[in-house]
Structures are given as C-alpha cells and as structure tokens.
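**Student:** Sharing a structure with you now.
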C-alpha cells in the first residue's frame, strides 16, 4: 500500500519560464555617457589634475589622490577636507565635506 497514494500531475513549463531565443542583442553605446565624457578643467583645477580633457570620474579620482598624497583629510573627521592653497582656489573656502567636493569640482569643468 505504500505506492497507492495519488501523485500530482507534472506541470508544463509556462511561456514565461521557457528559454528566450537569443535574437535580442544589445548594441554598444555610440556616445560616451555623461561620466565618461571628456571635460576640460579650469586653470585652478588643472593645477591639481593636470591639463587636457578628462572624464569626470578620472578628475574626481585625481583630486582624491591629491588629497591623500598631501594628507588633507581632517584626522578627527575623515569626511572633511582641509584645503591647501591649491585646493582653496577650487573649493573657494578652507574646509569642505567630501559630499560638497563634487559640487565645487563641477563648477571648474566645461
């Protein structure tokens, strides 16, 4: 009597779970996104990141490298950046938070 219990019928795969044909191929983006678009830094920002057009992400990365190389983060609050003479021209004040930094950098990119 062990095998006398009825079993549920097996379900067929629905259309949603069936494998989709590989007819839809993604096309490569022809123009760079806003973060990848090369921008020209102002002379003040170029003193930190260098001359020539750079993508926004690379500019921010180079500013962070400059900050860490010159030990400009506040040791008590690492979110705060203490500007030296070069960064003071970019930020416009002595101290900025890392959240404000991108706003100030954006004003120096065209």
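Since every read-out is calculated from the coordinates, none of them should be taken as a lab result. Keep in mind the model is a prediction, meaning the values are calculated, not measured. All Cβ positions, even for glycine, are placed from backbone atoms using ideal geometry, and neighbour counts span all protein chains on display.
**Student:** At residue 97 and residue 35, where each label point lies 7 Å from the Cα along Cα→Cβ, what is the point-to-point distance in nanometres?
**Tutor:** Distance between label points: 2.1 nm.
**Student:** While we're looking at this one, here's another question. Quick check: Cα centre of the stretch 62-95 to Cα centre of the stretch 35-55, how many Å?
**Tutor:** Cα centroid to Cα centroid, the span is 18 Å.
**Student:** Another question, if that's okay. May I have the pair-distance distribution P(r) for the stretch 38-106, computed from all Cα-Cα distances with 5 Å bins from 0 and rounded to whole percent?
**Tutor:** 3, 18, 32, 27, 13, 5, 1, 0
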